[in-house]
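So the structure is just underneath, and the comments pick up after that.
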Amino acid sequence: MGVARVIHYGKEFTTNFPVSGAGTALVIGQIMKRGPTPGTNNGFLIQSTGAGPHPDIVGILMQDLVATTLDTDITGTIFTTRPIDLIDEVRAVRLEYSLAAADDIDVTQAVTTTTITLTSLENDIDAAFLYVVVGTGIGQTNYLTASAAGSATLKAAFGTSLDTTSRIIKILPRFHQTAQLTDAGTRLASAAGVGSIDVMVLDTFIVRNGQEVQMSPVSHAA
């Protein structure tokens, strides 16, 4: 056949994910895996090639990506999605993030620039989002271009600076592999540290003014 294809024995599961060819055009049938490198390709899919092990293969590309200038990037300036046919037989579950005080994160100092410091922040959540749920700056979103243990870099400063009345939730990057649940086990919690539940985050959506949209670093940063 020349390219990979899925032979369906059940319901088809194709959805649009951000992709990058890292400067190489992608073709239909390309095997795609989770970008494994924070700061380089975290949060989107890249081609899986060569003889090495690829435990993070997600699916098969179902539409060409010819223009390499369309590569999704970690800085959040380009966000290009293509249909991906998932390889594994999975049960995809949609969960809300809890907005309760017990499940969000305190902002312990003013945030006036593109740096935010959070105690025990996990260091591999480049391409994550933040959402202000309480206090000064409520309703704002932002995008992380980089993260390290304890601090992260925002794509742009918040339009309204945060202070110690602000509380946020951490929206995990696509294809992240750990999460935390609320005590009731019905929603995602948002501790600063690493979660202990094994997951594969497939996608993230936000509902505003009654409209649900796929979160994008182009549209939802600052």
In this structure, is F44 more than 23 Å from L188 (Cα to Cα), at pLDDT 95 or above and aromatic (F, W, Y)? no
Filtered residue count, the stretch 161-217, keeping only those that are surrounded by fewer than 18 Cβ atoms within 10 Å (Cβ to Cβ), under 15 Å from the mean Cα position of the chain (by Cα) and not in a loop (DSSP other than H, G, I, E, B): 5
The conditions are (1) at pLDDT 95 or above; (2) out of contact with any Phe, Trp or Tyr (no Cβ under 7 Å at 6 or more places or on another chain), and L121 fails exactly one of them. Which is it? (1)
crowded, with 16+ Cβ neighbours inside 10 Å, outside any loop (DSSP other than H, G, I, E, B) and not charged (D, E, K, R): is that true of I74 in this structure? no
Kindly provide the set of residues from the stretch 76-104 that are acidic (D, E) and closer than 15 Å to M215 by Cβ, ordered by number. E96
Note on G185: of the conditions (1) without any contact (Cβ under 8 Å) to a residue 12 or more places away in the chain; (2) closer than 11 Å to L118 by Cβ, unmet is (2)
Would you mind listing the strands (runs of 3 or more DSSP E) fully within the stretch 92-154 where at least 3 residues are without any contact (Cβ under 8 Å) to a residue 40 or more places away in the chain and under 20 Å from I206 (Cβ atoms)? 129-134
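The values are calculated or read from the model by the stated rules, or taken from the named source; none is laboratory data. Because the structure is predicted, anything quoted here is derived from the model rather than measured. No Cβ is skipped: glycine too gets one built from the backbone with ideal geometry, and neighbour counts run over all protein chains shown.
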